[in-house]
1. May I ask you to compute the full-extension gain from Arg30 to Ala50, defined as 0.36 nm times their residue separation minus their alpha-carbon distance, rounded to one decimal in nm?
2. Checking a compactness column here: for region 1-105, what do you get for Rg(Cα) / (2.2 N^0.38 Å), N being the number of residues?
3. What net charge do the residues around Ile28 carry, taking every other residue with its C-beta under 10 Å from that of Ile28, with Lys and Arg at +1 and Asp and Glu at -1?
4. Hey, can you rank 111-120, 78-87, 31-40, 63-72 by average C-beta count inside 10 Å, highest first?
5. Using 0.36 nm per residue, how much length does the chain from Asp63 to Glu105 gain when fully extended, once their Cα-Cα distance is taken away?
6. To the nearest 10 degrees, how steeply does helix 93-125 sit against the main Cα axis of the chain, on a 0 to 90 scale?
Amino acid sequence: MSTRGTKQEMYERTLAFATRVATLIKSIPRGFSEDNISRQLAKSSTSIGANYREACHARSQDDFASKLKICEAEADETLYWLQLLVSTNIIPERLLHNLMQEARELVAILTASTKTAYSHRRNTSNGSALHK
């Protein structure tokens, strides 16, 4: 799959990512810090796809851009929690490499999409949007 895709591809990709993270969370040892990281990781990773779906049903270009920005932030937060698992020696980096790479790719896709959405929003509000 390319780094950019259709709405359906992003639906599937964000769902697959959240599923992979959920599977990972089941393998994290129990403990105060581990439980906290697991909860935060579960929240942020599942929020990416949920907010992306909301963005696709936005009421306006402003709403769309705002919701995409939330997706971007949640993807970046998920990457943070994955990095924390590595830096605290809870899980070796070699086991999280692919998952962290997917998180980075989602951040990049959503960052580019957010910039495009905000650009379209500005063009529309300035009356300079092209009509198809």
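Taken together, the values in this text are just the output of simple stated rules run on the coordinates, not laboratory data. In this text, all values refer to a predicted model and were calculated from it rather than measured experimentally. Glycine gets a Cβ as well: all are built from the backbone with ideal geometry, and neighbour counts include every protein chain shown.
1. 4.5 nm
2. Scaled against compact globular proteins, the figure is 1.11.
3. Once positives and negatives cancel, what remains is 0.
4. Ranking the peptides 111-120, 78-87, 31-40, 63-72 by packing returns 63-72, 78-87, 111-120, 31-40.
5. Result: 12.8 nm gained on full extension.
6. It is inclined by approximately 20 degrees.
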